[in-house]
Structures are given as C-alpha cells and as structure tokens.
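The values are calculated or read from the model by the stated rules, or taken from the named source; none is laboratory data. Being a predicted model, the structure only gives us computed values, none of them experimental. Neighbour counts run over all protein chains shown; Cβ positions are idealised from the backbone, glycine included.
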Amino acid sequence: MSAIRLLVLGAVRQHGRAHGYQVRNDLEFWGAHEWSNAKPGSIYHALKQMARQGLLHAHETAPSTAGGPPRTEYEITDQGIEEFFSLLRSSLTSYDRQDALSAAVGFIVDLPREEAVALLRRRLAGLEEWRASVTAYYTPADGPGSLGHIGEIMHMWVHSADAGAEWTRGLIARIEGGAYTFAGEGEPFVGVLPEGAPNPYATGTAHPDDLR
C-alpha cells in the first residue's frame, strides 16, 4: 500500500488537471508531509512514475503570459481512477499503516456512505484479530514487566489496537449519524487550494521540475 500514490492521485483527481507544485501545495495544506513520505522529491517522482504507468496523463502547457518555459500538468486517466479507488478501499481497512489510513480518511467521502462504513467495520475486525494474536502471548493484566522489557512491545501493540478500535468505532458512529457529505449525496467538500491561493503551511519554494 502506498500513501504517496493515493495522495497524489487523489489531489490530481480533485483538481481535474494539476501541475506538480499544486499537488505539493495541497499535500502540505493537508499536513501530509508530517505524517507520510509526501516530501517534495517523492511527490514529483510519483507524478512522473504514474504518468509512465498510464495512471496519469502528462500535458505540456503553453508558456505563461508572464514569461518562462512551459510546465507539465497532470490529469488522471481511467486506469488511474481505478487505482485510486483500489488504494482507497485497501487503505481504509489497514490497521498497521497509519500513513495509508490517514491518506484514505482524507478521501473517504469519495465513496458511498454505506461502503465507507463497511470498510471501516472490516478495519475494526482486523484490529480485533490482531489484538487477539498479540494477547495469545501476552495478557495486559499481567503487566508489561511479566515479559521483561520485551513486554513493553506487546503493551504498545495492545494499546495501539485498543486506541485504533475506539477511534474507528467513533468514526463509524459519526458517519452513520449523518456526518459529512459522501458520494452521491450532494456537493462534495473541496479540500484543495485554488490556483494561486496562499498556503499557510508551505515549506518552501517551487521545485525545479515545475519550471518545465
């Protein structure tokens, strides 16, 4: 599962067509550089790689009226849309990859409400199964010291499973209670920055690849 692929495909899909700096700007606006490998180099590499794989179509744009060379804009293909939804669905059921799950939650409303809930219930079942496999060797009531300092690893896993399950149940309840606008329900939430809009979370200047 690749969080960066899901993030980049999702950002381009929301824009319709986007150049590299727009995608980077969106991912920084979402804070993805803090919880995933969505660093500038990874973003530009992903754009070029997925264009070669047929998931994105690269358009060479005309030079701007202000001068300067043309740059590349990307548009998601039908194959790219299939890949986007495949990654989204698999990442929503993930219980051992926080970056993939975080990316998927950012696009969860692109799914029908009922499907989103069903996928989160699968995640919950996976967490419960994972917890059971850990507690087959370690019982929280015994305390982490029962296995020496190694018990702290088991303690961390059980704590992570419990916290993840609590969060997932809460999200399911909120969605079933009518929170957010899902696919087919009306005007979706727009989470990307318009062209030229300032990004308060920007970490740097444009990448050289945006100059061509």
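For the reader, a short list of remarks on this structure follows.
- Contacts under 8 angstrom Cβ, first residue in the stretch 70-96 being at pLDDT below 90, partner small (Gly, Ala, Ser) and surrounded by fewer than 16 Cβ atoms within 10 Å (Cβ to Cβ), 6 or more apart: 70/62; 72/58
- Residues of the stretch 16-28 that are over 17 Å from residue 78 (Cβ atoms) and either out of contact with any Gly (no Cβ under 8 Å at 6 or more places or on another chain) or modelled with pLDDT of 90 or more (or both): 18, 19, 20, 21, 22, 23, 24, 25, 27, 28.
- Residue 27 fulfils the conditions (1) in contact (Cβ under 8 Å) with a residue 24 or more places away in the chain; (2) buried (at least 24 other Cβ atoms within 10 Å of the Cβ); (3) among the hydrophobic types (A, V, I, L, M, F, W, C) except for a single criterion, (1).
- Residue within the stretch 129-140 that is modelled with pLDDT under 90, of a type in the set (A, V, I, L, M) and part of a loop (DSSP other than H, G, I, E, B) present: yes
- Residues in the stretch 3-19 that are surrounded by fewer than 24 Cβ atoms within 10 Å (Cβ to Cβ) and in contact with a helix residue (DSSP H, G or I) (Cβ under 7 Å, 6 or more places away or on another chain): 4, 5, 13, 15, 19.
- Checked against the criterion of being at pLDDT 80 or above and farther than 20 Å from residue 38 by Cβ, the candidates 121, 212 yield just one match: 121.
- The one condition from (1) assigned to a helix (DSSP H, G or I); (2) hydrophobic (A, V, I, L, M, F, W, C); (3) at pLDDT below 80 that residue 66 does not meet is (1).
- Yes/no for residue 123 being within 17 Å of the chain's Cα centre (by Cα) and surrounded by fewer than 19 Cβ atoms within 10 Å (Cβ to Cβ): no
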